[in-house]
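To keep things clear, I will list the structure first and then write my remarks on it.
Each value in this text was obtained by applying a stated rule to the coordinates, not by laboratory testing. Here the structure is a predicted model, which is why all the values come from computation and not from measurement. With ideal geometry, Cβ positions are generated from the backbone for all residues, glycine too; neighbour counts draw on all protein chains shown.
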């Protein structure tokens, strides 16, 4: 239906009752720019999520469905990087790690050093347990801003090292 000349719905039928797309990933997944705004429910302990090339406004949320193990990664496209803040909490004690905080300038200065997010629930510096959420939004053609609160099974989390070189 075409939108009316003075109507409130200028997006035609693009608005779907405030719902976002949910992608259930039981294996490795490569996201596309057309899937921007989607929530990925990652239900595989070792899966890899590949993001498309960064472009301003692209955004995704990843919710972990199970505890992650070695090999679970979120990857930026070659030439792109992650920056932002990642906090780490312990699931059994009232302890938190030292957050990883990377500036935009640092990340784009050496993108190859900040192009991967490792997730592993049983380490004191990474984390990634069921229910953890990672939000990413591309702020330009090179960088993804990340916010995440991750959980580890370790009693004494250390300095967070989730964003690393591939």
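Miscellaneous remarks
- Normalised contact order of segment 20-135, rounded percent, pairs of Cα under 8 Å and 6 or more residues apart: 25 percent
- Helical mean residue ellipticity (222 nm; -39500 (n - 2.57) per DSSP H run of 4+; nearest 500) of the chain: -1000 deg cm²/dmol
- The ranking of 51, 88 from fewest to most other beta carbons within 10 Å of each one's beta carbon is 51, 88.
- Beta bridges assigned by DSSP with both partners in segment 36-164 are antiparallel in approximately 55 percent of cases.
- Taken along the Cα-to-beta-carbon direction at a fixed 7 Å, the label points for residue 23 and residue 69 span 2.4 nm.
- Gain on full stretching of the segment that runs from residue 93 to residue 166 - 0.36 nm per residue minus C-alpha separation: 23.2 nm
- Counted by neighbouring Cβ atoms within 10 Å, the residues 22, 111, 139, 62 run from fewest to most as 22, 139, 111, 62.
- At full extension, residue 147 and residue 159 could sit 2.7 nm farther apart than now, given 0.36 nm per residue minus the alpha carbon distance.
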